[in-house]
Every structure is written in structure tokens, then in C-alpha cells.
Amino acid sequence: MSKLNTNSNTYIIIYSTFLVLIVAALLAGTYVLLKGRQDANVQLDTQKQILYSLNLRDSINGATDQQIVSLYKDVVKDTLMENDEKGKPQPKVYKAIVNGDSVFVLPLKGQGMWGGISAFLAVSSDKNTIYGAYFNHEGETAGLGAEIKDNAAWQKKFQGKTIFAADNDTTVALSVEKVVSDAATTVDAVTGATVTSTAVSKMLQDQLKNKYMDFLMN
């Protein structure tokens, strides 16, 4: 029986292929085992953000995961997704009941300075007055752009603002500006984070106009 030549190209190729297959199988198995937990964590985080936008931050701080899920089920009653005339699903809207009042939560997405930004904007039953807001980001600068997520006091400034100006109910006026021109529709920009603040303003304007105008008008 001839001795196996471990220096041959054939041996190296077969050995490398075998290792690659083993590693791929291990990675695939790990992904399958962890996917359920990862999906559950993503879902829980989404539920937290929606509850934050509904001004229920104090109710979930320090709460267990089970308590948060239970509160979410009690508050968020439905997920609305209408189809347009071509049968294409429209943007998701969450319908919640808070203190006996209907509140609609609109998911928003945009592009920040260093990555994606997002928000859940809670709108009162008049579909104009902001009930609450929660903003998130993928990589804005800590202490500056990251304040859109970390600064609860800044997020609170959105409460009571209106999407449309008093004299115009068809143009989105809600914005974030360095100089507040209309206190009813404008929120102060985050100090030292002009680019991120501008990105938030653009997200609000673009998403409300292009994704949710039909919902807001009906």
C-alpha cells in the first residue's frame, strides 16, 4: 500500500474542501439554533421602541421581558396594512389604545451621517398631532448624533407638535431645525449634530409624504 502523499496538490485540495464543508456545517447549525432567539430579541426590541413612542418608557424600565410583551399586547391592538388599488401592501401602521384613546404608530426609516436612522412616530387619532416619538440609529456619533436615541428629553419635544401647518393641511410641515420658525411644527435640532438633525428632518418629511400621506388624509 503506497504512502499517502500529504504534499500533493490533490491531498491539499481534498483536505481544504473537507475543512470548509465542516466549518460551513457548523456555522449553519449554529445559525439554525440561534435564529429563533435572535428573532425573538429583534421582536422584543421593536416592541420596546413602539412602547417608548407611546410615552410608556417608565412602565417598561426595569420590567422583565414577559412584562414588556404583556404590556405590548395590552396596548397595541392591531397592525394595519392596507392594499392599494393594485393589491400591493402599504406601509405598516400599528394601532394602539392608550388611556382610552386611539394612537397610530408609524415606522420611519432614513439615512444618518454614518448609517441608517429610524423612528416610531406616534400620532393621535386626529392623524395630525404627535403623541410621542422614539428615534434610533445604527452608528451616529456618541454624545452628538446619537442623542436622537439617547436623549429622552429631546424626543419628548415632539409631543404636541403637528404634522401639518395650521393654514395648510396637505403639506408636511413637521421638521427639525436649528432655528425654530413655527413652534407648532418645528423641533430644535440636537446641539452639535447638525447633519444628523437634518437627516431626521428629511426622514420625517420624505416618509410622511411618500409613505403615509394616504393614511393621514383618510
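The values are calculated or read from the model by the stated rules, or taken from the named source; none is laboratory data. Because the structure is predicted, anything quoted here is derived from the model rather than measured. Glycine gets a Cβ as well: all are built from the backbone with ideal geometry, and neighbour counts include every protein chain shown. We work out accessible area using only protein heavy atoms, side chains counted, and drop any ligands, DNA or RNA first. Shrake-Rupley method; radii C 1.70, N 1.55, O 1.52, S 1.80 Å.
Using a ≥ b ≥ c from the Cα gyration tensor of the range 51-161 (square roots of the eigenvalues), is it rounded, prolate or oblate, where a/c under 1.5 gives rounded and otherwise the larger of a/b and b/c decides, a/b for prolate?
Since a/c reaches 1.5 but b/c is at least a/b, the shape of the range 51-161 is classed as oblate.
Sorted by packing (mean other beta-carbon atoms within 10 Å per residue), highest first, where do 43-51, 97-105 land?
In descending order of packing, they fall as 43-51, 97-105.
Out of all DSSP beta bridges with both ends in the chain, state the antiparallel percent to the nearest 5.
Within the chain, antiparallel bridges account for around 90 percent of the total.
Using the Cβ atoms and a cut-off under 12 Å, what net charge is assigned to the surroundings of Val123, where Lys and Arg are +1 and Asp and Glu are -1?
Net of charged neighbours comes to +1.
Considering only the other residues whose Cβ falls under 13 Å of the Cβ of Thr141, what net charge follows from Lys and Arg at +1 and Asp and Glu at -1?
So the surrounding residues net to -3.
Given the DSSP H assignment, sum -39500 (n - 2.57) over each helix run of at least 4 residues in the chain and divide by its residue total; what's the result at 222 nm in deg cm²/dmol, nearest 500?
-13000 deg cm²/dmol
Among 16-25, 62-71, what's the highest-first ranking by average C-beta atoms within 10 angstrom per residue?
The densest-packed peptide leads the list: 62-71, 16-25.
Using only Cα atoms, find the angle between the long axis of helix 65-75 and the longest principal axis of the chain, and express it within 0 to 90 degrees, rounded to the nearest 10.
Relative to the chain, helix 65-75 is tipped by roughly 40 degrees.
Between the alpha-carbon centers of the range 107-170 and the range 19-54, tell me the distance in whole angstrom.
27
Shape of the chain from its Cα gyration tensor (a ≥ b ≥ c, root eigenvalues): rounded if a/c is under 1.5, otherwise prolate when a/b > b/c, or oblate?
prolate
For the chain, give the percent of accessible area contributed by carbon and sulfur heavy atoms, probe 1.4 Å, rounded to a whole number.
53
Around Leu71, under 15 Å between beta carbons, what's the net of Lys plus Arg minus Asp minus Glu among the other residues?
0
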